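Q: I am attaching a structure below and will ask some questions about it afterwards.
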Amino acid sequence: MNELKQNIISTRPRENSGSSSSNRFDYQKDWAICKLLELHTNPEDYLLTLEHHDDVIIFDSSSDPTKISFYQVKTNKKNHWTLNELIKQKKGKTSLLNSPLGKLFDHLVKFGNKVESLNFITNNKVKGVLADKSKCEDTSGFCLSELKSTELDKIIVALKNEHSLNDLKDFQNITFFKLGELDIDKHSDLAKARIVDFLDKNFSDLSYKIAPLYKSIFDEIKMKTDYEKSVTNFEELKSKKSISRNDFDRYIKELESSNTIPKTTLSIENRLNAENASFQTVQSFKAQSRIYELKKMSYNDKAFRRIESEIRKTKSELTFDEKSSLLSCQKQIINELNTKNLANNSVSEALIEAMVLYIIYE
């Protein structure tokens, strides 16, 4: 078995409190959305994992990873970070806790040469001086090795003491600070803007509504972040805590397919009117069509997808008379479906009836 896939599961995370506290921490989720878009802009494979060992971790492959990067996402609304804060250990119940940089270094201890990079992400700046005498707070990011020697030495000594080690391996060369990534007060608006930029550049013909689209992606990130049960294998980590390139590709394809919905809606409405469907039937379809479009844009509505699959399966097993009306075809499918059992809190019987019409038109 792939060594990294095995180690990421067998090595237990430090704590499980991150997911609980992150339920209220939207900044981190918006940063993850932006990182996802950045990764997807490039052709390489990836797997973005949430709240497992750190706030965000990224594998270089979703199937056979050999490298992993760790991202610690922190906010500091009032002040810039100081180097002392980054190496300060707070008191725990029985012993000192790891410092922020100590937590990052711990990944290098556990995963060794599989670690590609360690990253400290913050909305604010870090106060310090670089080797070229420029201020850290005047940059958008820097590598730990670029710090002025006296400040770098201070960090190295502190981490050696914290971990009781004489060698920090390649820590200073693979640790990076990314500063001012998202404004703490406007992070959701900035994340929406990044989505718009990404789609406009890569899928210029795609029509979408940014509010429900953003909510759909955010909710998927939230669901993966908030999953608190222990995972027992890499495939479970992928499905419960992660988003892969293939996952996001499938979502984009769903968005592209939803582009045809307005045209299909008009065709169905015209056909219903031509068949003298009742006013209530047409109005119900029009009302459900708006819900249907939003559902199709949803990132991972499993209940909706399951019902779609059931309708398609039922349709494929039936034979329709060439002269059948749209309404009679709909009735034939609905008679085979147990719509009461299929319906749930998010998918009503009326919506299922509309879904049948759309699937007939596929």
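The values are calculated or read from the model by the stated rules, or taken from the named source; none is laboratory data. Everything numeric in this text was worked out from a predicted model, so none of it was measured. Cβ coordinates were reconstructed from backbone atoms using ideal geometry, including for glycine residues, and neighbour counts include every protein chain displayed.
Q: Might you let me know whether region 274-285 holds any residue that is touching a residue at least 60 places away in the same chain (Cβ under 8 Å), more than 30 Å from ASP189 (Cβ to Cβ) and out of contact with any helix residue (DSSP H, G or I) (no Cβ under 9 Å at 6 or more places or on another chain)? Before the answer, list the steps.
A: The initial filter retains those residues of region 274-285 that are touching a residue at least 60 places away in the same chain (Cβ under 8 Å), namely 284-285.
So of that shortlist, the ones also more than 30 Å from ASP189 (Cβ to Cβ) come out as 284-285.
Now drop any that are not out of contact with any helix residue (DSSP H, G or I) (no Cβ under 9 Å at 6 or more places or on another chain), which leaves none.
No: zero hits.
Q: Here's something else I'd like to know. Could you pull out the residue among ALA191, ALA211 that is of a type in the set (Gly, Ala, Ser), in a helix (DSSP H, G or I), within 17 Å of the chain's Cα centre (by Cα) and at pLDDT 95 or above? Talk me through it step by step, then tell me what you get.
A: Numbers: ALA211 fails: at pLDDT 95 or above.
Residue meeting the stated conditions: ALA191.
Q: Same structure, new question: Please enumerate the residues belonging to region 73-101 that are touching a Leu at 6+ places or on another chain (Cβ under 6 Å) and in contact (Cβ under 8 Å) with a residue 12 or more places away in the chain. Spell out the reasoning first.
A: Let us first name the residues in region 73-101 that are touching a Leu at 6+ places or on another chain (Cβ under 6 Å), namely 86-87, 89-90, 100-101.
Within region 73-101, LEU86, ILE87, GLN89, PRO100, LEU101 qualify.
Q: Follow-up. Tell me which residues, restricted to region 291-337, are among the polar types (S, T, N, Q) and over 14 Å from LEU351 (Cα atoms).
A: The answer is SER298, ASN300, SER309, THR314, SER316, THR319, SER324, SER325, SER328, GLN332, ASN335.
Q: Kindly provide the set of residues from region 66-92 that are surrounded by fewer than 15 Cβ atoms within 10 Å (Cβ to Cβ) and either modelled with pLDDT of 90 or more or part of a strand (DSSP E or B) (or both), ordered by number.
A: THR66, THR82, ASN84, LYS90, LYS91
Q: Return a yes/no flag: does region 296-306 have any residue that is farther than 30 Å from PRO43 by Cα, modelled with pLDDT of 95 or more and aliphatic (A, V, I, L, M).
A: no
Q: Continuing with this model, one more query. Quick test for you: out of SER230, SER242, pick the one residue that is in contact with a strand residue (DSSP E or B) (Cβ under 6 Å, 6 or more places away or on another chain), polar (S, T, N, Q) and assigned by TED's automatic domain parsing to the domain that holds ASN113.
A: Values: SER230 fails: in contact with a strand residue (DSSP E or B) (Cβ under 6 Å, 6 or more places away or on another chain).
Residue meeting the stated conditions: SER242.
Q: Name, by its number, the condition in (1) within 13 Å of LEU83 (Cα to Cα); (2) touching a strand residue (DSSP E or B) at 6+ places or on another chain (Cβ under 6 Å); (3) not polar (S, T, N, Q) that does not hold for ALA158.
A: Only one criterion is unmet by ALA158, namely (2).
Q: What are the residues in region 324-355 that are more than 17 Å from ASN273 (Cα to Cα), of a type outside the set (Ser, Thr, Tyr) and at pLDDT 90 or above, if any? Reasoning before the result, please.
A: Pass one, region 324-355, residues more than 17 Å from ASN273 (Cα to Cα): 332-352, 355.
Cutting the leftovers down to of a type outside the set (Ser, Thr, Tyr) gives us 332-338, 340-345, 347, 349-352, 355.
Result: GLN332, ILE333, ILE334, ASN335, GLU336, LEU337, VAL347, GLU349, ALA350, LEU351, ILE352, MET355.
Q: Quick one: which helices (runs of 4 or more DSSP H) sit completely within region 265-362 and have at least 3 residues that are surrounded by 14 or more Cβ atoms within 10 Å (Cβ to Cβ) and among the charged types (D, E, K, R)?
A: Numbers: elements: 279-297, 302-317, 326-336, 339-342, 349-360.
Here the list reads 279-297, 302-317.
Q: Sort out which residues of region 348-362 are farther than 12 Å from PHE304 by Cα and of a type in the set (Val, Ile, Thr), and write them in order of number.
A: Within region 348-362, VAL356, ILE359, ILE360 qualify.
Q: A further question on this structure: Is at least one residue of region 292-302 touching a Pro at 6+ places or on another chain (Cβ under 9 Å), free of Cβ contacts under 8 Å to residues at least 40 places away in the same chain and either within 26 Å of TYR214 (Cα to Cα) or charged (D, E, K, R) (or both)? Outline the logic, then answer.
A: As a first pass, look at region 292-302 and keep what is touching a Pro at 6+ places or on another chain (Cβ under 9 Å): 293-294, 297-298.
Filter once more, keeping what is free of Cβ contacts under 8 Å to residues at least 40 places away in the same chain: 293.
Still in the list and also either within 26 Å of TYR214 (Cα to Cα) or charged (D, E, K, R) (or both): 293.
Checking region 292-302: at least one residue is touching a Pro at 6+ places or on another chain (Cβ under 9 Å), free of Cβ contacts under 8 Å to residues at least 40 places away in the same chain and either within 26 Å of TYR214 (Cα to Cα) or charged (D, E, K, R) (or both).
Quick grid of which residues meet (1) under 19 Å from ILE68 (Cα atoms); (2) buried (at least 19 other Cβ atoms within 10 Å of the Cβ); (3) modelled with pLDDT under 95; (4) not assigned by TED's automatic domain parsing to the domain that holds SER230:
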residue: SER17; (1), (2), (3), (4): no, no, yes, no
residue: SER22; (1), (2), (3), (4): no, yes, yes, no
residue: TYR27; (1), (2), (3), (4): no, yes, yes, no
residue: TRP31; (1), (2), (3), (4): yes, yes, no, no
residue: LYS35; (1), (2), (3), (4): yes, yes, no, no
residue: TYR46; (1), (2), (3), (4): yes, yes, no, no
